[in-house]
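Before any comments, here is the structure.
Readers should treat all values here as calculations from the given coordinates under stated rules, not as data from a laboratory. Nothing here was measured: the structure is a model prediction, and the numbers come from that model. So basically every Cβ, Gly included, is an ideal-geometry build from the backbone, and we count neighbours across all protein chains shown.
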């Protein structure tokens with residue numbers, strides 16, 4: 001018994017002699033230091049957030065390896081030897097080990113192993129998810145036959161929060177609303193939107209309680225991968241907390257990176273008033289219609305929202321957009337609208353200087369004021385802040401065409417359609433981009449696709465006519481543009497029809513068409529046809545009466561009629577028209 005009692009102290013003494021304690025302490029110190037460094041690196045690099053946990057797991061597995069190695073081996077001047085061999089060589093032998101060197105080698109080995117695992121195992125962590133395109137389908141209102149403003153507000157809020165995350169591609173509200181009543185299967189809906197993931201949710205109000213049931217679905221396999229139920233007292237803070245929690249859960253489920261700024265955006269409370277929140281959602285829904293009645297209704301909804309919460313940034317943005325588009329679409333050309341729009345934009349930027357929506361509104365406003373360079377600057381800032389903001393990308397594409405940068409315009413237009421594939425405006429601007437880049441077959445296909453999205457929108461037919469004209473299909477242009485009028489071009493459609501008649505050899509028909517709008521007050525369209533007829537003096541006389549060079553004449557002179565306008569490139573009078581055009585747009 002006495003002999004047994006001496007065994008534990010002998011074992012502990014042997015641990016000390018073999019420096020196992022020291023090795024363990026150094027190992028833990030190096031692991032701790034390494035993990036602290038990784039914690040600092042993750043936010044500033046592209047390292048995935050799971051690296052920290054992964055290295056900790058490797059370190060835990062490596063600890064017994066380090067302890068066993070310290071017990072079993074000695075590092076001698078002759079190399080690594082079994083501890084027993086070194087002990088047998090007798091006393092006086094140097095049995096010390098350079099502990100830090102040993103542990104450094106072990107930790108470097110483990111880090112190398114972790115790096116190899118990360119590169120060689122593409123299915124680990126977030127690398128297995130290569131497509132993070134998400135369609136947040138319209139939320140369903142339970143206990144009601146129709147969606148209400150509150151449900152629309154929650155849906156729009158989640159969409160807005162997710163759109164702030166650069167690691168996600170969020171299909172725009174316009175497109176997901178277009179499939180709201182679709183009888184297609186979920187995988188078919190996802191394919192039509194180009195989405196890999198779908199979010200569905202039901203919202204139920206019961207007295208002073210709200211319940212939201214949400215789920216994330218792998219669209220290709222129609223498989224639910226995450227679901228959650230949220231129940232809270234119905235207050236603004238609680239509703240916004242639910243939205244933030246829901247958005248963060250989706251981000252985590254898809255292993256998307258989230259910067260501190262993006263996280264703050266996701267957790268931001270947009271307003272203190274639930275009623276204002278619902279009015280803002282109704283305003284956006286009306287504005288998406290892009291017709292006179294919708295825009296005018298949107299103005300009223302946004303004004304009511306601002307009345308309830310004067311510090312509601314997105315309501316000011318919506319008001320600015322509605323007023324500017326009413327003016328830009330030639331529905332109401334009163335200068336007072338632009339004064340009010342400018343004030344609304346500035347108020348939005350004062351409330352939130354990092355609002356992508358506010359910068360996009362500023363870009364739209366500057367465009368409507370024909371300040372091309374300022375518009376591009378503001379819209380570029382908007383897409384830097386929120387790459388998924390489809391309206392900003394689409395407007396940027398449009399202004400870049402006017403500015404003469406058709407290649408960059410095409411990139412922005414493609415991005416807009418990626419995140420908003422069923423938006424008539426986005427598809428229209430992509431069509432224009434194909435036209436300005438000389439890809440007329442693609443322009444033709446997109447213009448016809450646009451007519452399935454917005455059958456009543458004459459711009460789509462006008463762009464189809466331009467594509468057919470450049471493809472030499474003049475008879476089809478004549479059949480297509482009969483009785484088509486496109487307000488923003490003044491008499492652009494009529495002049496294109498006259499040019500098509502002339503190109504087809506029907507000069508008399510072209511002159512008859514010209515006579516029908518010669519006194520219309522659109523000197524550019526009239527001058528363009530006179531130029532095609534070979535009457536340059538008459539054409540120049542009309543060009544000189546252009547009081548302001550609006551969007552259509554700029555596009556026409558830059559891109560569309562080289563056979564008519566090209567021979568004038570060296571004409572001093574024609575060059576003066578270009579200088580006037582540039583001055584009108586601040587270029």
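Place a point 7 Å from the Cα of residue 184 along the Cα-to-Cβ direction; which residues of the range 454-470 have their backbone N under 17 Å from it?
454-455
Cβ neighbours within 10 Å, averaged per peptide: list 280-287, 316-323 in order, most packed at the top. Each step should come with its number before you reach the end.
Details: 280-287: 24.6, 316-323: 28.5.
Top to bottom by mean Cβ count within 10 Å: 316-323, 280-287.
Report the FRET efficiency, 1/(1 + (r/R0)^6), for residue 471 and residue 267, where r is their Cβ-Cβ distance and R0 is 30 Å, rounded to 0.05. Mind dumping the intermediate values first?
Numbers: r = 52 Å, r/R0 = 1.73.
That gives a FRET efficiency of 0.05.
Expected output is a single nm value to one decimal: the length gained when fully extending between residue 202 and residue 576, i.e. 0.36 nm times separation in residues minus the C-alpha distance. What is it? Present the calculation step by step, with values, prior to reporting the outcome.
On the way: separation 374, 0.36 × 374 = 134.64 nm, distance 6.09 nm.
The span from residue 202 to residue 576 would gain 128.5 nm if fully extended.
What order, most packed first, do the peptides 359-370, 295-306 have when packing is the mean number of other Cβ atoms within 10 Å of each residue?
Working: 359-370: 25.0, 295-306: 21.1.
Packing proxy ranking, top to bottom: 359-370, 295-306.
Rounded to the nearest 0.05, what FRET efficiency do residue 223 and residue 506 have when you use their Cβ-Cβ distance and R0 = 60 Å? Write down the numbers at each step before the final one.
Values: r = 61 Å, r/R0 = 1.01.
It comes out at approximately 0.50.
For the ranges 432-442, 541-551, what's the packing order if you count other beta-carbon atoms within 10 Å of each residue, average per peptide, and put the highest first? Don't skip to the answer; put the middle values down first.
Details: 432-442: 19.4, 541-551: 16.2.
Highest-to-lowest ranking by the protection proxy: 432-442, 541-551.
If I take R0 = 22 Å and measure r between the Cβ atoms of residue 407 and residue 484 in this structure, what FRET efficiency does the formula 1/(1 + (r/R0)^6) give, to the nearest 0.05? It would help to have the intermediate numbers written out before the result.
Numbers: r = 29 Å, r/R0 = 1.34.
Calculated transfer efficiency: 0.15.
Fully extended, how many nm does the chain gain between residue 191 and residue 541 (0.36 nm per residue separation, minus their Cα-Cα distance)? Kindly include the intermediate steps, with their values, before the conclusion.
Values: separation 350, 0.36 × 350 = 126.00 nm, distance 5.34 nm.
Roughly 120.7 nm would be gained on extension.
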